[in-house]
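Below is one structure, written out as structure tokens, with a few remarks after it.
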Amino acid sequence: MKDTSHHDERIAKMSFASVYPHYVTRLERNGRTVEELHQVIEWLTGYNDKQIKDILENKVNFETFFKNATLNPNADLIKGVICGYRIEDITNKTTRECRYLDKLVDELAKGRKMDKILRQPK
């Protein structure tokens, strides 16, 4: 397991609104849409478009973002490496959940089909 403690607090305190424009830019550059991004966010967190808008306006940090979310029960099916860390080995809950979102956005940007991104148990 890789130790993520050196950046766990930084990630937890980072506002979702500060990262969101980067998600949008990356996805649009790769031919994906804000609607698809919101679909992925809703699948992972349960937040609808209005809630996402409120979160952005209120500059909610990732710790609160995930604490108030209803995480999809299949989120633990998100595996792989993102930002140099194997997601399933990250022990800090907020950091792991943030990396779940990063991984979903990464897959969306790389053109993966939505039915594969929104994981279903086998």
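The values are calculated or read from the model by the stated rules, or taken from the named source; none is laboratory data. Source: prediction; values computed, not measured. Ligands, DNA and RNA are excluded from the accessible area calculation, which covers all protein heavy atoms including side chains. Shrake-Rupley method; radii C 1.70, N 1.55, O 1.52, S 1.80 Å.
With a/c under 1.5 counting as rounded, go ahead and sort region 1-84 into rounded, prolate or oblate using the C-alpha gyration tensor (a ≥ b ≥ c being the square roots of the eigenvalues; past the cut-off, prolate if a/b is larger than b/c, else oblate).
Judged from the Cα gyration tensor, region 1-84 comes out rounded (a/c under 1.5).
Once neighbouring chains are kept in place and the probe is 1.4 Å, which whole percent of the accessible area of the chain is contributed by carbon and sulfur?
With neighbouring chains kept in place, the figure for the chain is 49 percent.
What percent do you get for the relative contact order of the chain when only Cα pairs under 8 Å and 6+ apart count?
Answer for the chain is 35 percent.
Which whole-number value in Å² is the accessible area per residue of the chain, probe 1.4 Å?
Roughly 57 Å² per residue, with all protein chains present.
For a test of the definition: using alpha carbon positions, the gyration tensor, and the 1.5 limit on a/c, classify region 35-122 as rounded, prolate or oblate.
It comes out oblate by the Cα gyration axes.
Counting each DSSP H run of 4 or more residues in the chain as -39500 (n - 2.57), what helix-only mean residue ellipticity at 222 nm follows after dividing by all residues, to the nearest 500 deg cm²/dmol?
-17000 deg cm²/dmol
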